[in-house]
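The values are calculated or read from the model by the stated rules, or taken from the named source; none is laboratory data. Keep in mind that this is a model prediction, so the values were computed, not measured. In this analysis, Cβ positions are derived from the backbone assuming ideal geometry, glycine residues included, and neighbour counts consider all displayed protein chains. Please note that ligands, DNA and RNA were not included when accessible areas were found on the heavy atoms of the full protein model with its side chains. Shrake-Rupley method; radii C 1.70, N 1.55, O 1.52, S 1.80 Å.
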Amino acid sequence: IHAGQGHTMPELPEVETRVRQLRAPCVGRSIRNTHIGWPRQIDRPSPSVFTKRICGQRITEVRRRGKFLVFQLSEDALLFHLRMSGDLYVTAESTTVDKYAHTILTLDNFQQLRFSDPRKFGRVYLVRAAEEITARLGPEPLSKRFTSNRFASSLAKRKRMLKPLLLDQSFLAGMGNIYTDEALHLAGIHPVTRSDMLTPAQARLLWRSLRRVLRDGIQNNGASI
């Protein structure tokens, strides 16, 4: 299944779904060679350095941080940001290449990891450590450390309209339009309410609603299909 073909912008549940689908076919495989059809998709380093550095590296882990897919390699970290219309999937080398698959990594078992992106907003990063890209992201809304108390105190410290604040990736990682709207609707809170005006009960309700809509999204394999 290919997600994200222009219907909805991938958010946390869509990216988490893709990560779970890519783990089995990718972890333990080595990258044999690369094809870069549109050099600007590679944000860093330069495409030539990218190719030189990535070939021969082994994929040891696939995880998510915010809306980034993070592939831990034997020496570096490879990150993908799908943005509006990006999709990342594994298929046999012999499968016809779709015209939007600008970055293709061939694995050691004749499978290919293809990054297809019709609108060309997506980006690929090869860095020494994932934190070079993800350090500014806020907490993960489904993590144990993201408690209702921590959330309430973060809301109270800011004097911003709720919806733009929840969409701010440095405040909370992974949220986008769909799940933010769903969570606010579920909590019965207006999107333009100021964050410091919420009662403790409202803050707790919003925290629970956020986590619920994200968990539901993941359970349904995201909303991109």
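Over the Cα atoms of the chain, how large are the radius of gyration and the largest Cα-Cα distance (Dmax), in Å?
Expressed in Å, the Cα Rg and Dmax of the chain come to 18.6, 58.
Could you pull out every one of the lysines with an alpha carbon less than 25 Å from that of K163, ignoring same-chain neighbours closer than 8 positions?
K67, K144
So how do C26, C55 rank on accessible area, 1.4 Å probe, biggest first, that is with the largest at the start?
Working: C26 0, C55 50 Å².
The ranking, largest first, comes out as C55, C26.
Could you order K120, K157 so the one with the most accessible surface comes first? Probe is 1.4 Å.
Highest to lowest solvent-accessible surface, that is K157, K120.
What are the ³J(HN,Hα) values, in whole Hz, obtained from phi via the Karplus relation 6.51 cos²θ - 1.76 cosθ + 1.60 with θ = phi - 60°, for each residue of region 129-145 in sequence order, with x given for Gly and Pro?
Residue by residue, region 129-145 yields 9, 4, 4, 4, 9, 9, 4, 7, 6, x, x, 7, x, 9, 7, 5, 6 Hz.
Heavy-atom accessible area per residue, region 134-225, 1.4 Å probe: how many Å²?
On the way: 5060 Å² over 92 residues.
About 55 Å² of surface per residue is accessible.
With a cap of 16 neighbouring Cβ atoms within 10 Å, and only residues DSSP puts in a loop, list the chymotrypsin sites (Phe, Trp or Tyr not before Pro) found in region 80-123. Walk me through the numbers before you get to the answer.
Numbers: sites: F80, Y89, Y100, F110, F115, F121; in loops: Y100, F110, F121.
Loop-located and lightly packed - F110, F121.
Over region 129-189, one equal point on each Cα, no solvent: what is log10 I(q)/I(0) by the Debye formula at q = 0.18, 0.20, 0.24, 0.29 Å⁻¹?
Results for region 129-189 at q = 0.18, 0.20, 0.24, 0.29 Å⁻¹ read -0.68, -0.84, -1.16, -1.43.
Tell me the carbon and sulfur percent of the accessible area for the chain, rounded to whole percent, probe radius 1.4 Å.
Working: 5490 of 10870 Å².
Heavy-atom surface of the chain belonging to carbon and sulfur, 1.4 Å probe: 51 percent.
Can you tell me how much longer the chain between C55 and R212 gets when fully stretched, taken as 0.36 nm per residue apart minus their C-alpha distance, in nm with one decimal? Walk me through the intermediate numbers first.
Details: separation 157, 0.36 × 157 = 56.52 nm, distance 4.05 nm.
Extra length available between C55 and R212 comes to 52.5 nm.
Please give the solvent-accessible surface of M161 in Å², to the nearest 10, using a probe radius of 1.4 Å with every protein chain present.
Rounded to the nearest 10, the figure is 90 Å².
Given H placed 1.01 Å from N in the peptide plane, which residues other than close sequence neighbours of R160 have an amide H under 5 Å from its amide H?
S195, D196
Given axes a ≥ b ≥ c from the Cα gyration tensor, I'd like to know whether region 28-127 is rounded (a/c under 1.5), prolate (a/b larger than b/c) or oblate. Show your work: numbers first, answer last.
On the way: a/c = 1.32, a/b = 1.09, b/c = 1.21.
Taking the square roots of the gyration eigenvalues as a ≥ b ≥ c, region 28-127 is rounded.
May I ask you to list the lysines whose Cα is less than 22 Å away from that of K99, ignoring any residue fewer than eight positions away on the same chain?
Filter leaves K120.
Considering only protein heavy atoms, with the full assembly of protein chains and a 1.4 angstrom probe, order V49, V127 by accessible area, largest first.
Numbers: V49 55, V127 5 Å².
Ranked from most to least accessible, the order is V49, V127.
Under a point-charge model restricted to the Cβ atoms of Lys and Arg (+1) and Asp and Glu (-1), what is the dipole moment magnitude of the chain relative to its Cα centre, in debye to the nearest 20? The partial results should precede the final answer.
Details: 36 positive and 20 negative charges, 131 e Å.
I would put it at about 620 debye.
Sequence gap at least 6, Cα distance under 8 Å: using those rules, report the relative contact order of region 1-133 to the nearest whole percent. Write down the numbers at each step before the final one.
Details: 280 pairs, mean separation 41.1, N = 133.
This gives 31 percent for region 1-133.
Expected output is a single nm value to one decimal: the length gained when fully extending between N220 and R136, i.e. 0.36 nm times separation in residues minus the C-alpha distance. What is it?
Values: separation 84, 0.36 × 84 = 30.24 nm, distance 2.88 nm.
Stretched fully, the N220-R136 segment lengthens by 27.4 nm.
Using alpha-carbon pairs under 8 Å, 6+ residues apart, how would you state the relative contact order of region 77-193 in percent? Working shown, then result.
Numbers: 142 pairs, mean separation 26.9, N = 117.
It comes to 23 percent, rounded to a whole number.
At a threshold of 8 angstrom on Cα-Cα distance, excluding pairs fewer than six apart, so keeping six or more, what relative contact order does the chain reach in percent? Mind dumping the intermediate values first?
On the way: 431 pairs, mean separation 54.4, N = 225.
Normalised by residue count, the contact order of the chain is 24 percent.
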